[in-house]
Structures are given as structure tokens and as C-alpha cells.
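K.L.:
My questions will all concern the structure given below.
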Amino acid sequence: MRRDGFTMVELLVVIAIIGILVGLLLPAVQAARESARRISCQNNLKQLGLSLQNFESARNKLPSQGDYRMHGNLVYWSVQSRLLPYAEMSSLHQLINFALPISQQPQIARQRIPFLLCPSEINDKERPDGPTFIHYPLNYGVNIGEWLIMEPPFGRGTGAFVVNQDMNLASLTDGTSNTLAMAEVKAFTPYLRDSGIPAGAAPVPSQPTEVAAFGGEFKSDSGHTEWVDARSHQTGFTTTFSPNEVVPYTTGGKVFDIDFNSMREGRSTTLPTYAVVTSRSYHAGGVNSLMLDGSVRTTSQTIHRQIWKAMGTRSGGETVVVED
């Protein structure tokens, strides 16, 4: 009797063909998903850009990166927290008492702010801070300059947002289309802090490998985990090095890609704050960035470092032309 059916060879051929087709399809699906995540990330930055413009229009100034003349060593509220009412989050903004420290308002710090998080972020999760306090991370830092951030009692940053000082558009002599407002950062970034480098003794590092020698207290996974905190390693970035440039630090037989600050802002009345807080992203090839005119672009990680630094200055006299 004759039996109809597939032979084992035919089944193996069909399975092999299906496997090949799936192998060809998966990269296309992954590329489409990444493209969608990148567009969503850019839309977050566009919303932040509109919020900044509305803030400036209403108050004739940009939000400062903290005022430690008034609050001393208390952690000051971030630029991002002050943009809430201009991003359709007035109800949360009204719950904040900006005269009180963040430590007294845990219900605010643990809030997840959707437009502050890139969909490609792999650590979209709470960070416990002690037995009862919880923080939530963010992925968009504000431009605080190149290296010297604060020299008590003054802010010394060259960026758009300055410690102890309100900036207005007239202060941005390079022009809003030439000056960075925000750029992507990775949540849970390791960093060194509080090495206490004295004033006048810290030239801008020229190579990422120089940073580890500054020393300080090592924190393995808490940078950019507090969207409410104005300090540089939590809600800012610097243009010391180009986007995604690795700043290596080895401890315990493991190499970390770190940020650095010489002194947390407000912790000393004499020592300055120098910072290396690199813009980083999970998007392949670069980071999404926001200019002060509200335009959003993808900045390649191969951008020349001097061009990136020029984009970070508010009054350096540069005219920057960068193709997306």
C-alpha cells in the first residue's frame, strides 16, 4: 500500500528554510523597533524643549542648576523638576515644596516621569536609597558646561544651566541654535565623587584615562538615578568628552565606565566642583540631543570633541554647523 506524507529530508529542508527566513527577518524587526524607540526618545526631548521655552517665556529666565547660597548643603531641586507645570504635570508640581529638601518629600522622589525616560533604557526601575527612601532615574541631563561647574560661592559652568545663577536668553551669546540644552545620559551610571581637588590645580583632562587618577569615593550604580536632584552627576552632563566616550575605572578586577565630580555641589564652602559627566545612550552610533532653540538631533559619537565642546558653551563665540 502507498502512504502519502513528507519524508524526513523534506521536513528538514522546510525547517531549514524557515530558520533562514526567521534569521533574515529578525534583524529587520529589531531595526524597526530601535527606530521606533529612537523616535520616541526624540519626542521626549522635543517635549522638554517646548517646556524650557514655555518656562523662559513665562519667567524671562531659564531654571538654574541649584542655588546653594540659599540652601547650603541641602540637595537642591533639579531643572527637570521645575519644568513639570510646563509639561502637563502641574498636579505633581503643586505637591512639591521647593523650600524644603528632597529628603523630606519622598513621595515626589519616587515618581516615575515618563518623558524623562528613554524607551531603550535597560534600567527603568526604582533605586532604593536607605531603608525607606526611593528614587527614580532619568535619561536626559542638562548642559552644565565643560569641566569647572562651581567655585563657591559662584557657579562657573560654561553651559546653558549654571549653579547659583539664573540665565536668560541674552546670556546665550552663541545663540540658541548653537547651544546644547540637554542630551541623553544612562541611568545607574557608576561614578567617583568628593576627591576634593583644590581650586586652580585642575586643568581640563585631555584623555578619559586621566580621570581615574583623581580618585574619590566610588559609587558603582547610582549616577543619574535621582531626577529630583540638581547635582551634576544626577541630572546634568558635561562636554569634557564626546558622546559615548568610555571613561575607564578599574576596581575589584572589573572595569567601569564612570562619571566624576570632585565635590558634590553645596558640600563645601571653599572647594570647587569639577565634573566629567559624559552623555551616553543605548542607541547605536550616538546620542539624541536638544538645542536651546527646541530642535532635536542625533549627535554622532564620532563628532570631533572640540565641536561637541563648542556646542556646550553658551558664550564661546563659536558658530556650530553639525549635520544630523
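K.L.:
Condition (residue is within 22 Å of the chain's Cα centre (by Cα), surrounded by 15 or more Cβ atoms within 10 Å (Cβ to Cβ), among the small types (Gly, Ala, Ser) and at pLDDT 85 or above) applied to segment 197-206: is it met by at least one residue? Spell out the reasoning first.
P.N.:
So the first thing to find is which residues in segment 197-206 are within 22 Å of the chain's Cα centre (by Cα), and the list is 204-206.
With the extra rule that they be surrounded by 15 or more Cβ atoms within 10 Å (Cβ to Cβ), the set shrinks to 205.
Restricting the remaining residues to those that are among the small types (Gly, Ala, Ser) gives none.
Within segment 197-206, none of the residues are within 22 Å of the chain's Cα centre (by Cα), surrounded by 15 or more Cβ atoms within 10 Å (Cβ to Cβ), among the small types (Gly, Ala, Ser) and at pLDDT 85 or above.
K.L.:
Would you confirm whether or not segment 100-112 contains a residue that is within 30 Å of SER315 (Cβ to Cβ) and touching a residue at least 12 places away in the same chain (Cβ under 8 Å)?
P.N.:
Start the filter on segment 100-112 by keeping residues that are within 30 Å of SER315 (Cβ to Cβ), which leaves none.
No, the conditions are met nowhere in segment 100-112.
K.L.:
For segment 230-248, what are the residues that are of a type outside the set (S, T, N, Q), crowded, with 24+ Cβ neighbours inside 10 Å and not in a loop (DSSP other than H, G, I, E, B)?
P.N.:
Within segment 230-248, the subset of a type outside the set (S, T, N, Q) is 230-231, 233, 236-237, 241, 243, 245-248.
So of that shortlist, the ones also crowded, with 24+ Cβ neighbours inside 10 Å come out as 230-231, 233, 236-237, 243, 247.
The answer is HIS233, GLY236, PHE237.
K.L.:
Just to check your reading of the model, which residue among THR302, THR225, THR298, THR269 is part of a loop (DSSP other than H, G, I, E, B) and within 15 Å of the chain's Cα centre (by Cα)? Spell out the reasoning first.
P.N.:
Details: THR302 fails: within 15 Å of the chain's Cα centre (by Cα); THR298 fails: part of a loop (DSSP other than H, G, I, E, B); THR269 fails: within 15 Å of the chain's Cα centre (by Cα).
It is THR225.
K.L.:
Something else now. Before we move on, is ASN60 over 22 Å from GLU265 (Cα atoms), at pLDDT below 95 and touching a helix residue (DSSP H, G or I) at 6+ places or on another chain (Cβ under 9 Å)? Before the answer, list the steps.
P.N.:
On the way: over 22 Å from GLU265 (Cα atoms): yes; at pLDDT below 95: yes; touching a helix residue (DSSP H, G or I) at 6+ places or on another chain (Cβ under 9 Å): yes.
Yes; evaluated as a whole, the condition is true for this residue.
K.L.:
Another question, then. For segment 162-176, how many residues meet the condition of being under 14 Å from MET150 (Cβ atoms) and part of a loop (DSSP other than H, G, I, E, B)?
P.N.:
2
K.L.:
Condition (residue is modelled with pLDDT under 95, more than 24 Å from GLY155 (Cα to Cα) and of a type outside the set (S, T, N, Q)) applied to segment 227-250: is it met by at least one residue?
P.N.:
No, every residue in segment 227-250 fails to be modelled with pLDDT under 95, more than 24 Å from GLY155 (Cα to Cα) and of a type outside the set (S, T, N, Q).
K.L.:
So is ALA160 farther than 24 Å from LEU271 by Cα, surrounded by 15 or more Cβ atoms within 10 Å (Cβ to Cβ), out of contact with any Cys (no Cβ under 6 Å at 6 or more places or on another chain) and in contact (Cβ under 8 Å) with a residue 60 or more places away in the chain or not?
P.N.:
no
K.L.:
When you look at PHE256, is it buried (at least 24 other Cβ atoms within 10 Å of the Cβ) and not hydroxyl-bearing (Ser, Thr, Tyr), yes or no? Working first, answer last.
P.N.:
Values: buried (at least 24 other Cβ atoms within 10 Å of the Cβ): no; not hydroxyl-bearing (Ser, Thr, Tyr): yes.
So PHE256 fails the test.
K.L.:
Could you check ASN123 against (1) of a type outside the set (Val, Ile, Thr); (2) modelled with pLDDT of 90 or more; (3) in contact with a Lys or Arg (Cβ under 9 Å, 6 or more places away or on another chain); (4) farther than 21 Å from LEU48 by Cβ and say which number it fails?
P.N.:
(4)
K.L.:
Name the residue that is farthest from PRO119 (Cα to Cα), counting only residues in segment 11-31 that are surrounded by 10 or more Cβ atoms within 10 Å (Cβ to Cβ) and at pLDDT below 70.
P.N.:
The residue in question is LEU25.
K.L.:
Then there's this: Could you list, in sequence order, the residues of segment 272-291 that are aliphatic (A, V, I, L, M), at pLDDT 95 or above and not in a strand (DSSP E or B)?
P.N.:
So the first thing to find is which residues in segment 272-291 are aliphatic (A, V, I, L, M), and the list is 275-277, 284, 287, 290-291.
After this cut, where a residue has to be at pLDDT 95 or above as well, the list is 275-277, 287, 290-291.
Selection gives VAL277 alone.
K.L.:
Counting just the residues of segment 109-122 that are out of contact with any Ser or Thr (no Cβ under 8 Å at 6 or more places or on another chain) and surrounded by 15 or more Cβ atoms within 10 Å (Cβ to Cβ), which one comes out farthest from GLN94 (Cα to Cα)? If you could, list the steps in order and put the result at the bottom.
P.N.:
Here is the first cut: in segment 109-122, the ones out of contact with any Ser or Thr (no Cβ under 8 Å at 6 or more places or on another chain) are 109-117, 121-122.
Next, from what is left, pick out any that are surrounded by 15 or more Cβ atoms within 10 Å (Cβ to Cβ): 109-111, 113, 115-117, 121.
On the way: ALA109: 14, ARG110: 16, GLN111: 14, ILE113: 15, PHE115: 18, LEU116: 19, LEU117: 22, GLU121: 28 Å.
Top of the filtered list is GLU121.
K.L.:
Among the strands (runs of 3 or more DSSP E) lying completely within segment 56-161, list those that include at least 1 residues that are of a type in the set (D, E, K, R). Write out each step before concluding.
P.N.:
On the way: elements: 127-129, 133-135, 140-143, 148-151.
Correct list: 127-129, 148-151.
K.L.:
Go through segment 261-309 and count every residue that is among the small types (Gly, Ala, Ser) and surrounded by fewer than 20 Cβ atoms within 10 Å (Cβ to Cβ). Show your work before the answer.
P.N.:
Step one: of segment 261-309, the residues among the small types (Gly, Ala, Ser) are 262, 266, 268, 275, 279, 281, 284-286, 289, 294-295, 300.
Add one more test, that the residue is surrounded by fewer than 20 Cβ atoms within 10 Å (Cβ to Cβ), and what stays is 268, 284-285, 294-295, 300.
The total comes to 6.
K.L.:
Right, next: Where residues in segment 165-196 are in contact with a Phe, Trp or Tyr (Cβ under 6 Å, 6 or more places away or on another chain) and surrounded by fewer than 24 Cβ atoms within 10 Å (Cβ to Cβ), which of them is farthest from ARG267 (Cα to Cα)?
P.N.:
Top of the filtered list is PRO190.
K.L.:
Tally time: how many residues in segment 91-105 are among the small types (Gly, Ala, Ser) and more than 23 Å from the chain's Cα centre (by Cα)?
P.N.:
Initially, segment 91-105 is screened for residues among the small types (Gly, Ala, Ser), giving 91, 99, 103.
Filter once more, so that each one left must be more than 23 Å from the chain's Cα centre (by Cα): 91, 99.
So the count comes out to 2.
K.L.:
Return the only residue of MET89, MET1 being out of contact with any Leu (no Cβ under 6 Å at 6 or more places or on another chain) and at pLDDT 75 or above. Before the answer, list the steps.
P.N.:
On the way: MET1 fails: at pLDDT 75 or above.
Answer to the selection: MET89.
The values are calculated or read from the model by the stated rules, or taken from the named source; none is laboratory data. Note that the structure is predicted; figures quoted are calculated from it, not measured. Cβ: placed from backbone, ideal geometry, glycine included. Neighbour counts: every protein chain shown.
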